[in-house]
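S.K.: The structure is given below, and queries will be raised subsequently.
The values are calculated or read from the model by the stated rules, or taken from the named source; none is laboratory data. Since this is a predicted model, take the numbers as computed values, not measurements. Here the Cβ is made from the backbone with ideal geometry for all residues, glycine too, and neighbour counts use every protein chain on show.
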Amino acid sequence: MKLANWIVLCFAYKLKDTSADNTCQQKRQPKNLLSKQTLFSTYTTLAGKPVVFAEPFWKGGGSMCFSIRAIRAKVFLACTFLVATLGVECMAESKRDIQRVNGQAELGTIELHGVAANEFDPRIWEKGTLNFVPDVRQPLLEPRKGGVCRNIYAPSAVDIPSGWRLFYGAWDGVDTMNDRIYSVFTPDFVDFQDRKMEIDHGDFVHVCNVSAIRIPDGGWRLMCTCYPTDNDRNKPGFFTSSDGKMWNGSAAPYKANKSDLVTIEGYDKFADADINGMNVILYEDGVYRLYFNNFRDFGRVYRATSKDGKKFNFDGSVLDFGAVVNDVKKFSVDGKSWYLMGLHMNRDRLWYSLSNDGMTFSSAHELAKNLGEKDRYIVAIGWVTKDNRLLGFLYGAGEVPTLERNRIWGRWLQKRIVFVSNDATRYEAAGALGPNRQIFVVPRERVLEGHFEVYSEDGTTRIGGDIPAKLQSGGVYVLAVVP
């Protein structure tokens, strides 16, 4: 059979809740569905792997299959589909194009897809040239309204095949001012669903400041701040689950107790330490890393290591800086490890720091400042990643110095896109809608003619030449790459 013929392929994508012999993925498609597959040496790529154009169609039983055709004329449509739905990019040596697709943006705007960040690039982080675009929803996530206590912050997003599971600490529309841990699923940070409590405060007044990870065997791990301990201090508590439903052996919401607390041997100040909202967990090389501060020994970030997540051994100081560590993510670039740390200090800005070994971090750089009065006091930060990409960050922030009226906000690392009309008016994104979309405000009653300019995630490096386009209010467009 010639390659130009239609070939029907169904991919077995092994998810936790689907059997290995199911040859078609279920309806909820992960954005990186094909990132583990190498099919044919053709025109598009997913996470750096060559694939051909995949047209989805539904098979009986709610499964999705893909019809593959390697025909050059179809490549742009292939890229359009892959970028818009799976958040991937086609081969870099090809040129970019922007085309309108079926869909509806709000009148007076256009929606542009395909703008998410590529693989982690340490060069732009070392230079501090980062094109972060605030989400148009300000805030991104609010507390529920059922109860009268509403304070939501401390976001920690876990990358899973079908999207992300976002954990957070909050009074999430409840009747008492006790911090608890919640989670919500999102396929794209546009829509959210399945919102629920995971860890109740139990023996403590508060359990919050969650740092969440998923380890290679599919298990879930949470490190949270628990208050008070016997000497009226904050200490980290560790929660494990094999399925994301049972925590420390009990169904969610699990009631935290003092047996969940961790210990750190070799840190002589641990007994009196106040580790409040500064308990970051990272899993690598078969061990757990705990990055933490101590308000009674402030001005440094420390690291400890454990094989079981409960009994840690002190490693030492990793960064001298007067701010609170809230997240550490690890990336690989050309065989070299890069660790990215995020920090806050309950003020109007955030910081980050880089390391190649996870023990020695560089001087902190300013990451971002508040947008306005509504996010004046920033109390938490959590990175959003997908595979080896840093897509953005979420942060908890509010407008009062008492820090109890917080909401979750988002900013996304994206390509900078500029539309230049024929009268030389320049239109830039009014904001992002999740990590892969931008919103532009355009005239409502007339079509704009002109061209797009595309810049990399540093906001200054031009990618390709002018892309002629016509923009119409309410239209949806996709940035893609064609041969």
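Conditions (1) more than 16 Å from the chain's Cα centre (by Cα); (2) among the small types (G, A, S), marked per residue:
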| position | (1), (2) |
| --- | --- |
| V101 | yes, no |
| E106 | yes, no |
| L112 | yes, no |
| I124 | yes, no |
| P134 | no, no |
| P143 | yes, no |
| G146 | yes, yes |
| P161 | no, no |
| F167 | no, no |
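S.K.: Out of region 419-470, which residues are touching a residue at least 40 places away in the same chain (Cβ under 8 Å), part of a loop (DSSP other than H, G, I, E, B) and among the basic types (K, R)?
M.R.: Passing the criteria: only R444.
S.K.: Of F204, F167, F185, which residue is crowded, with 17+ Cβ neighbours inside 10 Å, in a loop (DSSP other than H, G, I, E, B), among the aromatic types (F, W, Y) and assigned by TED's automatic domain parsing to the domain that holds Y227? Break it down stepwise before answering.
M.R.: On the way: F167 fails: in a loop (DSSP other than H, G, I, E, B); F185 fails: in a loop (DSSP other than H, G, I, E, B).
Being crowded, with 17+ Cβ neighbours inside 10 Å, in a loop (DSSP other than H, G, I, E, B), among the aromatic types (F, W, Y) and assigned by TED's automatic domain parsing to the domain that holds Y227 holds for just one of F204, F167, F185, which is F204.
S.K.: Does P236 satisfy being buried (at least 22 other Cβ atoms within 10 Å of the Cβ) and in the same structural domain as G322 (by TED's automatic domain parsing)?
M.R.: On the way: buried (at least 22 other Cβ atoms within 10 Å of the Cβ): yes; in the same structural domain as G322 (by TED's automatic domain parsing): yes.
The answer is yes for P236.
S.K.: Which ones in region 143-159 are more than 22 Å from K374 (Cβ to Cβ) and either of a type in the set (F, W, Y) or free of Cβ contacts under 8 Å to residues at least 60 places away in the same chain (or both)?
M.R.: G146
S.K.: Also: Being more than 28 Å from R180 (Cβ to Cβ), among the acidic types (D, E) and out of contact with any His (no Cβ under 6 Å at 6 or more places or on another chain) is the requirement here; does E449 meet it? Before you say what the answer is, go through the steps one by one.
M.R.: On the way: more than 28 Å from R180 (Cβ to Cβ): yes; among the acidic types (D, E): yes; out of contact with any His (no Cβ under 6 Å at 6 or more places or on another chain): yes.
Yes: the conditions hold for E449.
S.K.: Just need a number here: residues in region 128-150 that are assigned to a loop (DSSP other than H, G, I, E, B) and of a type outside the set (G, A, S). Before the answer, list the steps.
M.R.: Going residue by residue through region 128-150, those that are assigned to a loop (DSSP other than H, G, I, E, B) are 128-131, 136-140, 142-148.
Imposing the further condition that a residue be of a type outside the set (G, A, S) reduces the set to 129-131, 136-140, 142-145, 148.
Going through region 128-150 one residue at a time, the tally reaches 13.
S.K.: Next question, about the same structure. Among the candidates D191, D175, which residue alone is acidic (D, E), touching a strand residue (DSSP E or B) at 6+ places or on another chain (Cβ under 8 Å) and either at pLDDT 95 or above or within 25 Å of R376 (Cα to Cα) (or both)? Steps first, answer last, please.
M.R.: Details: D191 fails: touching a strand residue (DSSP E or B) at 6+ places or on another chain (Cβ under 8 Å).
Checking each option against the conditions leaves just D175.
S.K.: If you scan region 367-412, which residues turn out to be closer than 23 Å to N118 by Cβ and either acidic (D, E) or at pLDDT below 95 (or both)?
M.R.: Residue satisfying the conditions is D387 alone.
S.K.: Specify the residue that is nearest to K415 (Cα to Cα); the eligible residues are those in region 92-108 that are modelled with pLDDT under 90 and not polar (S, T, N, Q). Before you say what the answer is, go through the steps one by one.
M.R.: Within region 92-108, the subset modelled with pLDDT under 90 is 92-96.
Retained after the next criterion (residues that are not polar (S, T, N, Q)): 92-93, 95-96.
On the way: A92: 14, E93: 17, K95: 15, R96: 13 Å.
Ranking the qualifying residues of region 92-108, first place goes to R96.
S.K.: Scan region 239-262 residue by residue and report those that are touching a His at 6+ places or on another chain (Cβ under 9 Å) and either part of a loop (DSSP other than H, G, I, E, B) or crowded, with 23+ Cβ neighbours inside 10 Å (or both). Please lay out each step first, then the result.
M.R.: Here is the first cut: in region 239-262, the residues touching a His at 6+ places or on another chain (Cβ under 9 Å) are 255-256.
The answer is A256, and nothing else.
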